[in-house]
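Notes follow once the structure below has been shown.
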Amino acid sequence: MSLPDTLKGKLNLPVLCSPMFIISTPKLVIEQCKAGIIGSFPALNARPAEKLDEWLTEIEETLARYKEENPDAKVGPYAVNQIAHPTNDRLEHDMQVCVKHKVPIIITSLQANPMVIEAAHSYGGLVFHDVTNIRHARKALSMGVDGLILVTAGAGGHAGTLSPFALLSEIREFFDGPVILGGAITKGNHVLSAQVMGADMAYMGTRFIATEEANADQAYKDMVVSSSASDIVYTNLFTGVHGNYLRGSIEKAGLNPDDLPTSDKSKMSFGSGGSSKSKAWRDIWGAGQGVGGISGQTSVADTVAKLRDEYDTARQQIANGQ
């Protein structure tokens, strides 16, 4: 395994929680880290920009107290997602704040950015970059990222179309560093499967939408629990980049999920913190094809405990040849 030394032995489960727009806030991140996995949030969730410093302080101080009170507990580090897009006019400011707090892990999306990479490396931080294909993976590695997050077919939000088997296998032909695999991973045995395939960690987002701590409407959580893979629609209409969304939320917005127009990627905008499509993520809800594996709403602690049980059971079954 190629897990970074700074992460070895510090997790209860090899899971990096994906940063979800609107949904991921300090409340969710803190509970994810306390459960022994890596919590994350998009920097753009902290609005206005000055809020980011407050959020990082809250996360760090809360986790520090928890560690002091529970010295034997495994507490995961946290990560901040930076949207490296020309229209994100907060990027430089947000990275300055991340450098101030020495954020352990920076997740970059859309583009691998030299400024972000250099800034994170200046204090020993790690940079993991989202990719959906080989071309993007090679480019990110050439720019100096520390690891790759493979966002494959079936993942929530801005997902790719390649099979996780295909993309991971090809990546491992030329990269032996940290790889995190995402794409419809909702159970503990899925996490183990990702490792068996050659990944170091699993990337999970949808599984945590239906948790008590997630900053999502109750109707959103209920829809995640009641939906199945057939209720996921793949479209670029809402942000300009293809992503997976809940059919029910599209219908609720008065649109026909089976007859959606295409959008112009060049119109994608993150100026001052968010998509130019005001309905995206707020009213049109993202989710991955793994929704069918989510049966109810629980706390983050209980969710991770169940994932760990499923993970351990799967390992034991393999050991026993079952």
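The values are calculated or read from the model by the stated rules, or taken from the named source; none is laboratory data. These numbers come from a predicted model, not from an experiment. Using ideal geometry, Cβ is built from the backbone for each residue, glycine included, and neighbour counts are taken over all protein chains shown.
What to note about this one:
Per-residue answers, yes or no, for (1) over 27 Å from residue 316 (Cα atoms); (2) of a type outside the set (Phe, Trp, Tyr):
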site	(1), (2)
197	no, yes
203	no, no
208	no, no
218	yes, yes
222	yes, yes
230	yes, yes
235	yes, yes
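- When the stretch 306-322 is filtered for residues that are surrounded by fewer than 12 Cβ atoms within 10 Å (Cβ to Cβ) and under 18 Å from residue 294 (Cα atoms), only 309 remains.
- Out of 227, 249, sole residue that is buried (at least 18 other Cβ atoms within 10 Å of the Cβ), more than 23 Å from residue 304 (Cβ to Cβ) and touching a strand residue (DSSP E or B) at 6+ places or on another chain (Cβ under 7 Å): 249
- The stretch 138-164, residues that are over 17 Å from residue 105 (Cα atoms), modelled with pLDDT of 95 or more, in a loop (DSSP other than H, G, I, E, B) and among the hydrophobic types (A, V, I, L, M, F, W, C): 153, 155, 162
- Single match in 34, 51 (criterion: surrounded by 18 or more Cβ atoms within 10 Å (Cβ to Cβ), of a type in the set (Lys, Arg) and over 14 Å from the mean Cα position of the chain (by Cα)): 34
- Close pairs (9 angstrom Cβ cut-off, 6 or more residues apart or separate chains): farther than 16 Å from residue 153 by Cβ and free of Cβ contacts under 8 Å to residues at least 60 places away in the same chain in the stretch 166-180, outside any helix (DSSP H, G or I) and of a type in the set (S, T, N, Q) anywhere: 175/2
- Any hit, the stretch 131-146, residues being touching an Asp or Glu at 6+ places or on another chain (Cβ under 9 Å) and touching a residue at least 40 places away in the same chain (Cβ under 8 Å): no
- Look at the stretch 216-236: where a residue is on the phi < 0 side of the Ramachandran plot and modelled with pLDDT under 95 and a partner is of a type in the set (D, E, K, R) and part of a helix (DSSP H, G or I), sitting 6+ places away or on another chain with Cβ atoms under 8 Å, you get 236/265.
- Residues in the stretch 35-94 that are part of a helix (DSSP H, G or I) and in contact with a strand residue (DSSP E or B) (Cβ under 9 Å, 6 or more places away or on another chain): 43, 44, 45, 52, 55, 56, 59, 60, 63, 91, 94.
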